[in-house]
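I have placed the structure first, in the form of C-alpha cells, so that the comments after it can refer back to it.
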Amino acid sequence: MDQAIPPELEFSNPLGCLPCPDSPLSLDSAFYVERPPIEIRAYQQITQPGSVMRIKAPRKMGKSSLMLRLINHANSLGYSTVLIDFHQADLGIFESSTKFCVGYVVMSPDS
C-alpha cells in the first residue's frame, strides 16, 4: 500500500545544493573550477616533446575533468591524442617497455 510522504518529512534542500557529479564535467560546464597554476602548468607541459604528466588527487577532485580539458587543448594545437585505460590492459603488457610500445607508431600530420 503506497502512501504519500507527508510534506514535513520530505527532504528539503533550502540551500539549493547540487549533487556531486559522478562523471567528468563537460568542457562547457559552469561548475568546473579552474585551479591556477595547475591548468596553466599542464597546458605548458603538453607542448614539451616527450613530456609525461602525473595527475594525482583524491577521488572526486576533478582529475578526469582536467584530463578532458588537456586533451581538448592538445587537439586544438593539432596534436593527435590516444586514450589508454590501464585498468583494461592485460598485466603482462607492463612487463617491459618493448611489449608496451609494440605497434606504437607516431604519424606526422603530413603522412
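Read-outs: derived from the displayed coordinates by stated rules, not from any lab. What you see is a predicted model; the values in this text were computed from it and never measured. Cβ coordinates were reconstructed from backbone atoms using ideal geometry, including for glycine residues, and neighbour counts include every protein chain displayed.
Both the radius of gyration and Dmax for the range 25-85 are 11.6, 32 Å, in that order, over alpha-carbon atoms.
Label point of residue 100 set 7 angstrom out along Cα-Cβ; within the range 41-68, amide nitrogens under 13 Å from it belong to 52-54. A simple spin-label model places the labels of residue 63 and residue 90 2.6 nm from each other, with each point 7 Å out along Cα-to-Cβ.
Going by neighbour counts of Cβ atoms within 10 Å, the residues 56, 63, 99 line up, fewest first, as 56, 99, 63.
Computed from phi, the 3J(HN,Hα) profile of the range 53-59 under the Karplus parametrisation 6.51, -1.76, 1.60 (θ = phi - 60°) reads 10, 10, 10, 10, 6, x, 4 Hz, with x in place of Gly and Pro.
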